[in-house]
Amino acid sequence: MRSPNIATDADLYEIENLAADPDRTVERTMQRIAPWSGKVVIDVGAGTGFHLDRFHDAAAHVIAVEPDPALRIRMMRRITDNRLERTSVIGAIAVDIPLRDHCVDIVHSRFAYFFGPGCEPGIAELKRIVRPGGAAFIIDNDLRSGTFASWIHAGYPDRPLDHDEIESFWTDQGFTITRLESSWSFDNRDDLEWVVHLEFPADKAARFVADHPSNEIEYNLLLIHRTFAPLIGSPLDTSLTTTAGTRQVVSGPGARRISITETQCANSSSSISVGTRSARIPRIEKGADPW
Ligand SMILES: C[S@@+](CC[C@H](N)C(=O)[O-])C[C@H]1O[C@@H](n2cnc3c(N)ncnc32)[C@H](O)[C@@H]1O
């Protein structure tokens, strides 16, 4: 569970995050697939919360899930410093998120190596918490192309990756893989050197840096995403007030008997206790801050 990079040196990982994807290709592509304005966004494996403010500006609410207590403390400091008022923090792991069924619209999980072949229980948990019509995004490195990918292969030769197997796993689970060309862009050589040393064994890192005079490094990404089917015959509306667990016949073309569960969270009221497993999600209405 402990992340070797961010848990070893969170300050340095902050520099890595600042250098990564300077054009925000990830957010721009996500926005085209599933905009989060007025939606509830969850960041699973949020680390120190680096990406929270990117969603907070437009989202109705942002929920950050992070199991490492030390990282959570840093995240809470960031949330306070940046006045991210519509944010909640939960100490939990991806397979066991203490939220009611179908309470969030958008899942974001970046460099979440816990999502990969064999993570079916984590995917099941995502499906459970996402509303019909919602979307999940998992962001990982594209290790088929670019300088960073070549460094991974050279730096960790004892950990060969079967790209076909990894990608088939995701497509078999109903996800689409979008390849994004991106980069690491460092302000100065020292930052680049430190970050490369954070990610690679010392001897390999020294060689990579010596052989790469530019402060720009190709750092290509995979945006692994899936949109969950909206309720058939029903407008996608997060302000529905159906009682949790009831069954309804939805009229309209293609109507059929379905279980309306996406509104479970719209009928209870409580609060999330930061850092505990006893969270309950309150009433969430479109455009309102329920917290
Ligand atoms: C490489 S860091 C990335 C952090 C953050 N997403 C970012 O981009 O700055 C991976 C994060 O996943 C968290 N993590 C590890 N195992 C996890 C699990 N099973 N469920 C949820 N988060 C997990 C780690 O504690 C760490 O914060």
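What follows draws every value from the coordinates through simple rules; no lab data is involved. Because the structure is predicted, anything quoted here is derived from the model rather than measured. Virtual Cβ from ideal backbone geometry, glycine too; neighbours counted across all protein chains shown.
For Arg32, Arg207, the sequence from fewest to most other C-beta atoms within 10 Å is Arg32, Arg207. The Cβ shell under 12 Å around Phe111 holds other residues with a net charge of -4, Lys and Arg each +1, Asp and Glu each -1.
Look at the dipole of the stretch 10-231 built from charges on Cβ: of Ile97, Val40, Ser150, the Cα furthest out on the positive end belongs to Val40. Remark on Asn141: its backbone amide H falls under 5 Å from those of Leu222, a criterion applied only to residues 5 or more positions apart or on other chains, H modelled at 1.01 Å from N.
A cut-off of 5 Å between modelled amide H atoms, ignoring neighbours fewer than 5 places along the same chain, links His108 with Ile42, Asp43, Val44, Phe137.
Any idea what diffusion coefficient the stretch 10-231 gets from Stokes-Einstein, in µm²/s, Kirkwood Rh on alpha carbon pairs, 4 °C, 1.567 mPa s?
Numbers: Rh = 18.2 Å.
D, rounded to a whole number, is 71 µm²/s.
Residue-wise HN-Hα couplings along the stretch 24-38, as the Karplus relation 6.51 cos²θ - 1.76 cosθ + 1.60 with θ = phi - 60° gives them from phi, are 6, 4, 4, 5, 5, 6, 4, 4, 5, 7, 8, x, 10, 4, x Hz; Gly and Pro carry x. Among the chymotrypsin sites (Phe, Trp or Tyr not before Pro) found in the stretch 102-204, those both in a DSSP coil and sparsely packed, with 12 or fewer other Cβ atoms within 10 Å of their Cβ, are Tyr113.
When Asp53, Asp190, Asp68 are arranged by Cβ crowding within 10 Å, least crowded first, meaning fewest neighbours, the order is Asp190, Asp53, Asp68. The order of His153, His56, going from fewest to most other C-beta atoms within 10 Å of their C-beta, is His153, His56. Find how many whole Å separate the alpha carbon centroid of the stretch 84-136 from the alpha carbon centroid of the stretch 160-207. Measuring centre to centre over Cα atoms gives 22 Å. Placing a pseudo-label 7 Å from each Cα along the Cα-to-Cβ vector at Phe114 and Asp190 gives an inter-label distance of 3.5 nm. Mean sequence separation of contacting Cα pairs (under 8 Å, at least six apart), scaled by the length of the stretch 10-231, corresponds to a relative contact order of 23 percent.
Using r as the Cβ-Cβ distance of Asp9 and Arg128, and R0 as 41 Å, what FRET efficiency do you calculate, to the nearest 0.05? All intermediate terms of the calculation are to be shown ahead of the outcome.
Working: r = 34 Å, r/R0 = 0.83.
For R0 = 41 Å, the calculated efficiency reads 0.75.
Couplings 3J(HN,Hα) of the stretch 217-232, computed from phi: 10, 5, 9, 7, 10, 10, 9, 9, 9, 8, 9, 8, 4, x, 5, 5 Hz, in residue order, whole Hz [Karplus 6.51 cos²θ - 1.76 cosθ + 1.60, θ = phi - 60°; x for Gly and Pro]. Can you check what the net charge comes to around His163, using other residues whose Cβ is under 15 Å from the Cβ of His163 (Lys, Arg +1; Asp, Glu -1)? Within the 15 Å Cβ shell, the charges total -4. Close amide H partners of Gly38, meaning residues 5 or more places away or on another chain with modelled amide H under 5 Å apart, are Ala59, Ala60.
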